[in-house]
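Chemist: Sharing a structure, written as structure tokens. Questions coming.
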Amino acid sequence: MTNNPNLLADLQQMWKFEFMQHAFEAGTIVAVIAGITGYFVVLRRSAFTAHAFSEIGFAGAAGAVLWGIPPIVGLLLGSTLGGLAIAALGRRAANRDTQIGIVLAFALGLGLLFIRLYAGYATEAYSILFGEILGISSDAVLITLVAGAVVLIVVGILYRPLLFASLDEDVAEAKGMPMLLIGTAFLLVVAAAVSFAVQVTGVLLIFSLMVTPAATAQYLSRRPQQAMMISVGIALMATWVGLFVAYYTPYPVSFFITGIVFGLYLLVRGLRLVIKPHRLSGPPVAS
């Protein structure tokens, strides 16, 4: 790091390294995915679901290491199968905690078994616990881009029925909406989003991108589209700043990302308690 800090020069120096370019590319894609899908996760009170998917995905990654395939493939496959199992066991989003706990416990048991069966040291699987964005390859960036595009397309297709079902599940069901189909599709979207967000923050810190920005955004806007844009903005800012600071320090990227979004959440909550704006009270407004 230079003795006289110069932001432009520091950025140019950092951008010379291919691994940092890949980190910023993947981080940007993941932040957008997490910011948008995270809004619905918070709106549907499904934060535990996002956390469960990350740990279920870890079991898949451990199995992938055991069978000699890329951990990200196992992570995505494990999360997807977990989402299907949770959807099959529990139809309503509000009543899935028990089913999630059952699937999560079984998946963690499998993950432990896979790690014990692996003859070597499962570095790639363990790194998923805390994120590995600084080691992401160009191929992984491309996979993340394609998967991110698919996730956003599906969210766009599901947007209106998913928003309606999230705001009032009882009314949506009474109107004959296919709740099981919507819920299953959303769980698969979250599974995919979590699988790629794990590359940035790791399994143990998944809330930092999937939940905290969206939770902060809901305090700043009642309108879903505006709240999603704010959520994405927070996730992007935290990821970019976290990568920049981590490059010049010996500390992990996930720590800085988590610290930034948590600090911003506390700031917004504190200001809300002081100002108490009338316009931000009440449930989100459908748009």
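Chemist: Amide H to amide H under 5 Å from residue 223: which residues, 5+ apart in sequence or cross-chain, H placed 1.01 Å off N in plane?
Modeler: Residues meeting the amide H criterion: 285.
Chemist: Then there's this: Roughly how many nanometres apart are two label points built 7 Å out from the Cα toward the Cβ at residue 137 and residue 106?
Modeler: 3.3
Chemist: If I model a spin label as a point 7 Å beyond the Cα along the Cα-Cβ vector, how far apart are those points for residue 245 and residue 229 in nm?
Modeler: 2.7
Chemist: Moving on. Working out 0.36 nm times the residue gap between residue 167 and residue 116, then minus their Cα-Cα distance, what length gain in nm do you get to one decimal?
Modeler: 14.0 nm
Chemist: Also, quick follow-up: Take the Cβ-Cβ distance between residue 219 and residue 18 as r, set R0 to 35 Å, and report the resulting FRET efficiency rounded to the nearest 0.05.
Modeler: With a Förster radius of 35 Å, E is 0.35.
Chemist: Further question: Hey, what do the phi angles of the stretch 167-179 turn into as Karplus ³J(HN,Hα) couplings, whole Hz, using 6.51/-1.76/1.60 and θ = phi - 60°, x for Gly and Pro?
Modeler: 6, 8, 5, 5, 5, 4, 5, 5, 7, x, 5, x, 4
Chemist: In addition: Can you sort 173, 18, 55 by how many other beta carbons sit within 10 Å, fewest first?
Modeler: Listed from fewest to most nearby Cβ atoms, that is 18, 173, 55.
Chemist: Hey, another quick one. Using the basic label-point model (7 angstrom from Cα toward the beta carbon), what is the residue 267 to residue 237 distance in nanometres?
Modeler: Result: 0.6 nm between the two label points.
Chemist: Please rank 166, 79, fewest neighbouring Cβ atoms within 10 Å first, as an exposure proxy.
Modeler: Least to most surrounded, the residues fall as 166, 79.
Chemist: Give me a comma-separated list of calculated 3J(HN,Hα) values for the stretch 66-78, in order, Karplus coefficients 6.51, -1.76, 1.60 applied at θ = phi - 60°, integers in Hz, x for any Gly or Pro.
Modeler: Result, rounded to whole Hz: 4, 9, x, 10, x, x, 5, 5, x, 4, 5, 5, x.
Chemist: Next up: With a 10 Å Cβ neighbour count serving as the proxy for reagent exposure, in which order, fewest first, do 232, 198 appear? Before the final figure, lay out the partial values.
Modeler: Working: 232 21, 198 33.
Going from least to most buried by this count: 232, 198.
Read-outs throughout are calculated quantities, based only on the coordinates presented, and are distinct from any laboratory measurement. A quick note: this is a predicted structure, and the numbers were derived from the prediction, not measured. Cβ sites come from the backbone with ideal geometry, for glycine too, and all protein chains shown count toward neighbours.
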